[in-house]
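J.: Quick one: the structure is below, questions incoming.
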Amino acid sequence: MKLDKYYTGETAKVNLDGKDYELPILIGEEGEKAIDISALRSQSGYITLDYGYMNTGSCASAITYLDGENSVLNYRGYSIDELADKCIFVEVAYLLIHGCLPTEAELANFQDMMRRYALLHEDMVHFFDRFPPGSPPMSILSSMVNSLCVFYPEMVNNPMEKIDKMAARIISKVRTIAAFSYRKAMGHQLVYPRHDYSYCANFLNMMFDSPVEPYEVNPVVVSALNKLLILHGDHEQNCSTSTVRMVGSAHVNLYASISAGISALWGPLHGGANQAVIEMLQRIHRSRGNYRTFIDKAKDPKDPFRLVGFGHRVYKSHDPRCTIIKNACNDVLKALNVKDPLLDIARELEEVALNDDYFKERNLYPNVDFYSGIIYKAIGIPSDMFTVMFAVGRLPGWIAHWKEMRNDKNYRIGRPRQIYVGPTTRRLSPIGARGVCNCENI
Ligand code: ACO
């Protein structure tokens, strides 16, 4: 990636130990400002300390632009609203991975590869029998994706030449793995992918078809699932994507890098919030819809409770994904003729919170997770699979970042520094002469 044109020629000046250092300034395509500190340590001996990377740019990227103050989310320059309205998930996956929207022929080729790669090696299918009952679906997904590299090793060598095939293979097979893990957990016969179905219709059919009651694919449900997957497609340097980049920076293969990303996404502070929203709404429902008590709890500084599905580290205005998901939620419930009291509770909670000074002053708006679980629940997807759905949607983003990182000549193995705060050098005592440990900072 060529960055020369982004350097402004200006510098930030820092004085350390009486000596001046000039740090180059660069400004990104959408006006984001950065100070390049990459030579700071070699010149001055100083590093920067930044827990949680709150102020640290780990790379330059051309995939996603996000402006949390103004509710902007663009993939490769296209607004998320337009993509969710006019594209199918596979088209957006192609866009994220390749940089441009596909032509008709390119899309047909990409879809054809996905159809061809949808099946799992039968030996892999037996793996599902060996996980104990009740195994978390995210654990199964992460293990299965890692094992793809031993079943399909031909793509591990020279991966950049075969990145198209690898991308199609992973995106297609993860859908099959997700559906198979559900069928096994339910004790139901596996349903194999069909060539005549679209990506989303195929997934729904593999999940819910039955020998006694064939699954009828509902176009409103397919459309909502398409939107959900598109909206989860990428979110720049979040925890799981940074994990994929970090693991991949050691030149680990794509399958293993993505398996690590799935593990990161599993965490309740990251991808697990969609499940927590439904559980919170169910708690409110059990308390006879007394949502005001929950709002009061969320506002109480002495109470650790938070209104799950509200607030975001980056968005300090409306989450642009939430409105699209809320509309899709209304459509799905209407099309399936589902009356879910949780939707009424969610709407009332949103209404009250958006008019409450506590939430207004802190810029707390409903986020992407607030309504997505209600759609998944209406479709029949169990809550412990909500994060799996997030992973299926996020795959194209992870692949795009892995590819961009491997192609970027500036990229080096990820290796942060630290400030050492442990004991200074000490002599080892024989075991009989050692006292009780009184170490601090453990
Ligand atoms: N309910 C009540 N109060 C909240 C909430 C909430 N959901 N979120 C933030 N606040 C309050 C905090 O108590 C704090 O108040 P204070 O200034 O009086 O101390 C203030 O708003 C700022 O909160 P921070 O924790 O500093 O905000 P941060 O940006 O670090 O956290 C986060 C963002 C983690 C998403 C937070 O809003 C939260 O916990 N939300 C609920 C969980 C959730 O929905 N997570 C999914 C996020 S989307 C995703 O990851 C895909």
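The values are calculated or read from the model by the stated rules, or taken from the named source; none is laboratory data. Predicted, not measured: the structure shown is a model, and the values here were computed from it. All Cβ positions, glycine included, derive from the backbone under ideal geometry; neighbour counts span all protein chains shown. Heads up: the accessible areas ignore ligands, DNA and RNA and are worked out on the full protein's heavy atoms, side chains in. Shrake-Rupley method; radii C 1.70, N 1.55, O 1.52, S 1.80 Å.
J.: Can you work out which of the residues in the range 313-344 that are open to solvent by less than 20 Å² (accessible area, probe 1.4 Å) and of a type in the set (Asp, Glu) is modelled with the lowest pLDDT?
T.: Filtering the range 313-344 for residues that are open to solvent by less than 20 Å² (accessible area, probe 1.4 Å) and of a type in the set (Asp, Glu), the one modelled with the lowest pLDDT comes out as 340.
J.: Go through 119, 107, 96 for me and flag whichever is open to solvent by 80 Å² or more (accessible area, probe 1.4 Å) and of a type in the set (A, V, I, L, M, F, W, C). Full working, then the answer.
T.: Working: 107 fails: open to solvent by 80 Å² or more (accessible area, probe 1.4 Å); 96 fails: open to solvent by 80 Å² or more (accessible area, probe 1.4 Å).
Exactly one residue qualifies, and that residue is 119.
J.: Could we say that residue 150 is within 15 Å of residue 256 (Cα to Cα), open to solvent by 50 Å² or more (accessible area, probe 1.4 Å), at pLDDT below 95 and not charged (D, E, K, R) here?
T.: Numbers: within 15 Å of residue 256 (Cα to Cα): yes; open to solvent by 50 Å² or more (accessible area, probe 1.4 Å): yes; at pLDDT below 95: yes; not charged (D, E, K, R): yes.
Here the answer is yes, as residue 150 does meet what is asked.
J.: How do the strands (runs of 3 or more DSSP E) wholly within the range 5-85 filter down when requiring 2 or more residues that are out of contact with any Asp or Glu (no Cβ under 9 Å at 6 or more places or on another chain): which remain?
T.: On the way: elements: 7-16, 19-27, 33-35, 64-67, 72-75.
The strands (runs of 3 or more DSSP E) meeting that bar are 7-16, 19-27, 33-35.
J.: Another question, then. Quick check on the range 143-156. Is at least one of its residues outside any helix (DSSP H, G or I), touching a Phe, Trp or Tyr at 6+ places or on another chain (Cβ under 6 Å) and over 30 Å from residue 68 (Cα atoms)? First the steps, then the outcome.
T.: Let us first name the residues in the range 143-156 that are outside any helix (DSSP H, G or I), namely 152, 156.
From what is left, the residues that are touching a Phe, Trp or Tyr at 6+ places or on another chain (Cβ under 6 Å) are none.
No, every residue in the range 143-156 fails to be outside any helix (DSSP H, G or I), touching a Phe, Trp or Tyr at 6+ places or on another chain (Cβ under 6 Å) and over 30 Å from residue 68 (Cα atoms).
J.: What pairs come out if I take residues in the range 206-219 that are of a type outside the set (Phe, Trp, Tyr) and pair them with residues that are in a loop (DSSP other than H, G, I, E, B) and open to solvent by 100 Å² or more (accessible area, probe 1.4 Å) whose C-beta lies under 8 Å away, six or more apart or interchain?
T.: Sorted first by the residue in the range 206-219, then by its partner, the pairs are 211/189.
J.: Something else about it: Take the range 366-382 and flag every residue that is open to solvent by 20 Å² or more (accessible area, probe 1.4 Å) and outside any helix (DSSP H, G or I).
T.: Selection gives 380, 382.
J.: Would you say residue 307 is of a type in the set (A, V, I, L, M, F, W, C), within 16 Å of the ligand (Cβ to nearest atom) and farther than 26 Å from residue 223 by Cα? It would help to see each step written out before you state the result.
T.: Numbers: of a type in the set (A, V, I, L, M, F, W, C): yes; within 16 Å of the ligand (Cβ to nearest atom): yes; farther than 26 Å from residue 223 by Cα: yes.
Yes.
J.: Related question: Among the numbered criteria (1) part of a helix (DSSP H, G or I); (2) open to solvent by 60 Å² or more (accessible area, probe 1.4 Å), which one does residue 134 miss?
T.: The failed condition is (1).
J.: While we're on this one: Being out of contact with any Leu (no Cβ under 9 Å at 6 or more places or on another chain), of a type in the set (Gly, Ala, Ser) and closer than 26 Å to residue 371 by Cα narrows it down to one residue among 257, 249, 287; which is it?
T.: On the way: 257 fails: closer than 26 Å to residue 371 by Cα; 249 fails: closer than 26 Å to residue 371 by Cα.
Every option except 287 fails the conditions.
This table checks each residue for (1) acidic (Asp, Glu); (2) touching a helix residue (DSSP H, G or I) at 6+ places or on another chain (Cβ under 7 Å).
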{"site": "9", "(1), (2)": "no, no"}
{"site": "12", "(1), (2)": "no, no"}
{"site": "26", "(1), (2)": "no, yes"}
{"site": "43", "(1), (2)": "no, no"}
{"site": "46", "(1), (2)": "no, yes"}
{"site": "75", "(1), (2)": "no, yes"}
{"site": "86", "(1), (2)": "no, no"}
{"site": "91", "(1), (2)": "yes, yes"}
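J.: Which of the residues that make up the range 260-283 are open to solvent by 10 Å² or more (accessible area, probe 1.4 Å) and more than 10 Å from the ligand (Cβ to nearest atom)?
T.: Residues of the range 260-283 open to solvent by 10 Å² or more (accessible area, probe 1.4 Å): 260, 263-264, 266-270, 272-273, 275-276, 279, 282-283.
Residues satisfying the conditions are 260, 263, 264, 266, 275, 279, 282, 283.
The rows are residues; the columns are (1) closer than 30 Å to residue 328 by Cβ; (2) open to solvent by 30 Å² or more (accessible area, probe 1.4 Å).
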residue	(1), (2)
8	no, yes
20	no, yes
39	no, yes
53	no, yes
57	no, yes
64	yes, no
75	yes, no
81	yes, yes
102	yes, no
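J.: Take the residues in the range 291-304 that are in contact (Cβ under 8 Å) with a residue 24 or more places away in the chain and open to solvent by 60 Å² or more (accessible area, probe 1.4 Å), then tell me which one is nearest to the ligand (Cβ to nearest atom).
T.: Ranking the qualifying residues of the range 291-304, first place goes to 299.
J.: Give 247, 252, 221 a once-over and let me know the one that is more than 28 Å from residue 311 (Cβ to Cβ), surrounded by fewer than 20 Cβ atoms within 10 Å (Cβ to Cβ) and β-branched (Val, Ile, Thr).
T.: Details: 247 fails: surrounded by fewer than 20 Cβ atoms within 10 Å (Cβ to Cβ); 221 fails: surrounded by fewer than 20 Cβ atoms within 10 Å (Cβ to Cβ).
One residue alone meets the criteria, 252.
Residues are listed down the side, and each one gets a yes or a no for (1) touching a residue at least 12 places away in the same chain (Cβ under 8 Å); (2) in a helix (DSSP H, G or I); (3) within 16 Å of the ligand (Cβ to nearest atom):
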{"residue": "358", "(1), (2), (3)": "yes, yes, yes"}
{"residue": "364", "(1), (2), (3)": "yes, no, yes"}
{"residue": "384", "(1), (2), (3)": "yes, yes, no"}
{"residue": "397", "(1), (2), (3)": "yes, yes, yes"}
{"residue": "401", "(1), (2), (3)": "yes, yes, no"}
{"residue": "404", "(1), (2), (3)": "yes, yes, no"}
{"residue": "417", "(1), (2), (3)": "yes, no, no"}
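J.: Could you list, in sequence order, the residues of the range 69-93 that are over 21 Å from residue 317 (Cβ atoms) and among the charged types (D, E, K, R)?
T.: Keep residues of the range 69-93 that are over 21 Å from residue 317 (Cβ atoms), which gives 76, 86-93.
Correct list: 76, 86, 91.
J.: Now for a separate question. When you go through 288, 347 one by one, which is the residue that is within 22 Å of residue 376 (Cα to Cα), surrounded by fewer than 20 Cβ atoms within 10 Å (Cβ to Cβ), more than 15 Å from the ligand (Cβ to nearest atom) and not small (Gly, Ala, Ser)? First the steps, then the outcome.
T.: Numbers: 288 fails: within 22 Å of residue 376 (Cα to Cα).
Going through 288, 347 in turn, just one is within 22 Å of residue 376 (Cα to Cα), surrounded by fewer than 20 Cβ atoms within 10 Å (Cβ to Cβ), more than 15 Å from the ligand (Cβ to nearest atom) and not small (Gly, Ala, Ser): 347.
J.: Examine the range 190-199 for a residue that is open to solvent by 10 Å² or more (accessible area, probe 1.4 Å) and hydrophobic (A, V, I, L, M, F, W, C), and state whether such a residue exists. Break it down into steps so the answer makes sense when it comes.
T.: Kept after step one, since they are open to solvent by 10 Å² or more (accessible area, probe 1.4 Å), are these residues of the range 190-199: 190-199.
Now narrow it down to the ones that are hydrophobic (A, V, I, L, M, F, W, C): 190-191.
Yes.
J.: OK, next. Given the conditions (1) within 16 Å of the ligand (Cβ to nearest atom); (2) not in a loop (DSSP other than H, G, I, E, B); (3) not hydroxyl-bearing (Ser, Thr, Tyr), and given that residue 235 satisfies all but one, which numbered condition is not satisfied?
T.: In the conditions (1) within 16 Å of the ligand (Cβ to nearest atom); (2) not in a loop (DSSP other than H, G, I, E, B); (3) not hydroxyl-bearing (Ser, Thr, Tyr), residue 235 misses (2) alone.
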